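The values are calculated or read from the model by the stated rules, or taken from the named source; none is laboratory data. Please read these numbers as outputs of a predicted model, since none were measured by experiment. All Cβ positions, even for glycine, are placed from backbone atoms using ideal geometry, and neighbour counts span all protein chains on display.
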Amino acid sequence: MATTPENPLDDPAVDPFEVAARAAEQLVAASGVAAHDVALTLGSGGGRAAESLGETVAEVPAAEIAGFSASGVAGHSGTLRSIRMPDGRHALVIGARTHFYEGHGVRRVVHSVRTAAAAGARTMVLTNGAGGIKDHWTPGTPVLISDHINLTAASPLEGATFIDLTDLYSARLRTIATTVDPSLDEGVYVQFRGPHYETPAEVQMAKAMGGHIVGMSTALEAIAARQAGLEVLGFSLITNLAAGISPTPLSHAEVLAAGKEAEAVLGALLGRVVSAL
Ligand code: 8IG
């Protein structure tokens with residue numbers, strides 16, 4: 001059996017916030033940036049956002065930072081980048097998302113968010129590639145996440161930790177985003193466990209529940225962000241219509257291709273929105 005490198009987050013006796021604090025110290029050492037202001041986790045289609053934000057001060061392979069693991073999904077880049085924005089603020093761009101379906105536990109899924117908070121960030125921008133339930137959303141449409149439905153049956157909170165999730169996806173930040181781009185639509189994101197895509201019946205269930213976007217990330221990260229006191233802004237890049245909404249079956253290759261094609265558009269949008277935050 002192949003051995004996996006040790007990750008301190010896999011030891012239940014280890015405090016995940018201490019690992020995040022250590023990761024943040026390593027980021028300071030690698031980048032020379034004492035504190036970051038805003039952090040972004042980029043999913044499919046978000047790959048080119050970093051270059052529109054400003055000048056890259058440092059780029060570190062995620063695997064060199066405590067608690068991170070090399071990305072398991074083709075098309076996800078696996079680095080942490082420190083970016084100096086034109087106004088002097090610093091953005092931490094996390095291109096190394098661990099998905100819940102990888103089976104390494106929720107601590108690893110939310111570690112990047114906790115690291116961002118420990119690195120000083122006050123705002124967390126979460127982006128993902130996702131399936132759309134509203135049939136007028138063509139592939140390549142970026143939409144704001146207004147709320148979520150967490151269907152993973154998991155939580156990043158451990159023990160009797162009760163956290164209010166009203167306004168989790170900050171109305172204040174969504175207003176700023178729609179000021180930058182008035183054409184932005186919004187919807188409720190439904191996080192499924194994956195890694196299979198939904199059946200058409202499951203998409204209809206998500207729709208009946210009030211969902212508009214289906215995906216496999218973000219909700220657990222957003223909860224951890226709120227726990228850490230971060231204000232959250234969420235974007236989904238609709239790369240495909242959800243199963244059964246579109247007449248054609250889904251393929252991961254097509255989803256990645258749609259994400260690639262829309263990268264420049266989403267990157268430019270994120271650059272403008274983050275500058276306005
Ligand atoms: I990209 O249609 C992308 N990610 N669950 N369903 C789910 N995740 C996705 C989809 C989708 N498209």
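Quickly run through the stretch 120-136 and pick out the residues that are more than 14 Å from the chain's Cα centre (by Cα) and either in a strand (DSSP E or B) or modelled with pLDDT of 95 or more (or both). Lay out the reasoning, then the answer.
First pass over the stretch 120-136, keeping only residues more than 14 Å from the chain's Cα centre (by Cα): 120-122, 131-136.
Residues satisfying the conditions are Gly120, Ala121, Arg122, Gly131, Gly132, Ile133, Lys134.
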**Asked** (1) surrounded by fewer than 20 Cβ atoms within 10 Å (Cβ to Cβ); (2) modelled with pLDDT under 95: which one isn't true of Thr98, the others all being true?
**Response** (1)
**Message:** So, in the stretch 119-140, exactly how many residues are over 19 Å from Leu40 (Cβ atoms), surrounded by fewer than 22 Cβ atoms within 10 Å (Cβ to Cβ) and in contact (Cβ under 8 Å) with a residue 24 or more places away in the chain?
**Reply:** 5
**Request:** Residues being more than 15 Å from the ligand (Cβ to nearest atom) and either buried (at least 18 other Cβ atoms within 10 Å of the Cβ) or part of a strand (DSSP E or B) (or both): count how many of those fall in the stretch 240-273.
**Result:** 5
**Fill in**
Scanning the stretch 147-189 residue by residue, those surrounded by 18 or more Cβ atoms within 10 Å (Cβ to Cβ) and aromatic (Phe, Trp, Tyr) turn out to be Tyr169, Tyr189
**Request:** Return the total of residues in the stretch 48-88 being at pLDDT 90 or above, surrounded by fewer than 18 Cβ atoms within 10 Å (Cβ to Cβ) and touching an Asp or Glu at 6+ places or on another chain (Cβ under 7 Å).
**Result:** 1
**Asked** If Asp147 satisfies every condition in (1) assigned to a strand (DSSP E or B); (2) more than 15 Å from the chain's Cα centre (by Cα); (3) charged (D, E, K, R) but one, which is the exception?
**Response** (2)
**Prompt:** Residue check: is Gly103 out of contact with any Cys (no Cβ under 8 Å at 6 or more places or on another chain), without any contact (Cβ under 8 Å) to a residue 12 or more places away in the chain and under 19 Å from Leu53 (Cα atoms)?
**Reply:** no
**Prompt:** How many residues are under 18 Å from Leu241 (Cβ atoms) and of a type outside the set (Gly, Ala, Ser) when one looks only at the stretch 210-227?
**Reply:** 4
**Message:** I need every pair where a residue in the stretch 250-274 that is free of Cβ contacts under 8 Å to residues at least 24 places away in the same chain has its Cβ under 7 Å from the Cβ of a residue that is within 15 Å of the ligand (Cβ to nearest atom), sequence separation at least 6 or different chains.
**Reply:** Glu254/Asn240
**Prompt:** Taking into account only those residues within the stretch 192-239 that are of a type in the set (S, T, N, Q) and part of a strand (DSSP E or B), which is nearest to the ligand (Cβ to nearest atom)?
**Reply:** Thr239
**Prompt:** So which pairs qualify, if the first residue must be in the stretch 38-52 and touching a residue at least 12 places away in the same chain (Cβ under 8 Å) and part of a strand (DSSP E or B), the second must be within 15 Å of the ligand (Cβ to nearest atom) and polar (S, T, N, Q), the Cβ gap must be under 8 Å, and the two must be at least 6 apart or on different chains?
**Reply:** Leu40/Thr127; Thr41/Thr127
**Asked** Is it the case that Val106 is more than 16 Å from Ala24 (Cβ to Cβ) and either within 16 Å of the ligand (Cβ to nearest atom) or at pLDDT 95 or above (or both)?
**Response** yes
**Asked** Taking the stretch 28-47 as the region of interest, how many residues are more than 16 Å from the ligand (Cβ to nearest atom) and either of a type in the set (Ser, Thr, Tyr) or surrounded by fewer than 24 Cβ atoms within 10 Å (Cβ to Cβ) (or both)?
**Response** 9
